[in-house]
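The values are calculated or read from the model by the stated rules, or taken from the named source; none is laboratory data. Keep in mind it's a predicted model, so treat the numbers as computed, not measured. So basically every Cβ, Gly included, is an ideal-geometry build from the backbone, and we count neighbours across all protein chains shown.
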């Protein structure tokens, strides 16, 4: 499909004329500015290259993220622009077939390129988490926690809020017994907190070599290794039974095809009177059917192989294997705040990262991820984060 500049611009403006909430000022590559909508938020969007328009038309959100990473457009406030798009999502729809492209790309990558078999999972996890521990340490909090924090005070530090999140999960499975399993342990933040605040023994698994090395080192550094067993192991290979199971933002990396296996693993590894607690990023049920058939920039580039689950799907998957869900707790705005703290630190270290050889396109792609996710969690009507507890039915 070939697009002329004039026809692309005309259809692009027709799309933006549908904006009903907020004001968007667009500067086109020829220097002309156009204003759409009224009221707040007021957002400025500078499009530097005409190729942005066909990229949006043909590739939807994937094209939007790609062209931002490539420096083809910019804005003083990427989160605000994302917020405006979310507020007008009902009327801003790609008119040229971007949705069709996203559906086809999702099918191709989900079925072939990035399926989360054991080998596929290792590739997908390595692509995201094995960049280097040093990269993440620049902008995560000192606990190296890469998941939503739980704020209990407006002046609370990110590190304290991460511990509050850990404590809530620890309390959710308290009194279940002395042996805890963590599925997907990251850099060992939960493992350390759990071992320091209880007398439990803890087994934790990850398939990231970088995370495995870091987690083992931190546990040994704090003298906790006698009660800890941090394994480089796929969750499907775990042996034994455990009194409690915790899994923090792991189900997102499993992939839709392997959700039954993930929940069956929890069922099989959980002792008869045991309790499990999950932290999961979710897509709300009323938008899940559309989400599950398409892809986006984050799933293509930031979290290859990733797929968010819905509350209803958690219930269905749990019931199918003989588990029941309890105490669903949403805290999406806390994730927005977490992401803003990460973004602030990330932006501060960009010059240093560039001097070390990280390419501008890579760094802009990460900024796109942090800002657009902050907007999504702040709005909360489509995306959220939850704690949910599981017991045998």
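See the values below:
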quantity: Failed condition for residue 239, given (1) touching a residue at least 12 places away in the same chain (Cβ under 8 Å); (2) in contact with a helix residue (DSSP H, G or I) (Cβ under 9 Å, 6 or more places away or on another chain); calculated: (1)
quantity: Criterion: surrounded by fewer than 20 Cβ atoms within 10 Å (Cβ to Cβ), in contact with a strand residue (DSSP E or B) (Cβ under 7 Å, 6 or more places away or on another chain) and assigned by the TED database to the domain that holds residue 326 - qualifying residue of 171, 155, 179, 175; calculated: 179
quantity: Test: residue 214 is modelled with pLDDT of 95 or more and more than 27 Å from the chain's Cα centre (by Cα); calculated: no
quantity: Number of the condition not met by residue 191 [criteria: (1) surrounded by 23 or more Cβ atoms within 10 Å (Cβ to Cβ); (2) more than 24 Å from the chain's Cα centre (by Cα)]; calculated: (2)
quantity: Test for residue 148: is it modelled with pLDDT of 95 or more and either closer than 14 Å to residue 249 by Cβ or part of a loop (DSSP other than H, G, I, E, B) (or both); calculated: yes
quantity: Unmet requirement for residue 341, which otherwise passes all of (1) in contact with a strand residue (DSSP E or B) (Cβ under 8 Å, 6 or more places away or on another chain); (2) buried (at least 16 other Cβ atoms within 10 Å of the Cβ); calculated: (1)
quantity: Search result, residues across segment 222-271 that are within 22 Å of residue 392 (Cα to Cα) and assigned to a strand (DSSP E or B); calculated: 242, 243, 244, 245, 246, 247, 248, 270, 271
quantity: Residues being part of a loop (DSSP other than H, G, I, E, B) and more than 30 Å from residue 362 (Cβ to Cβ) - total across segment 152-175; calculated: 8
quantity: Set 298, 290: member being in contact (Cβ under 8 Å) with a residue 24 or more places away in the chain, within 20 Å of the chain's Cα centre (by Cα), part of a helix (DSSP H, G or I) and over 27 Å from residue 171 (Cβ atoms); calculated: 298
quantity: Residue check, residue 255 surrounded by 20 or more Cβ atoms within 10 Å (Cβ to Cβ), modelled with pLDDT under 95, under 25 Å from the mean Cα position of the chain (by Cα) and in the same structural domain as residue 303 (by the TED database); calculated: yes
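One line per residue, one yes/no per condition, for (1) under 22 Å from residue 373 (Cβ atoms); (2) in contact with a strand residue (DSSP E or B) (Cβ under 6 Å, 6 or more places away or on another chain); (3) modelled with pLDDT under 95:
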| position | (1), (2), (3) |
| --- | --- |
| 15 | no, no, yes |
| 23 | no, yes, no |
| 38 | no, yes, no |
| 44 | yes, yes, no |
| 52 | yes, yes, yes |
| 59 | yes, no, yes |
| 64 | yes, no, yes |
| 72 | yes, no, no |
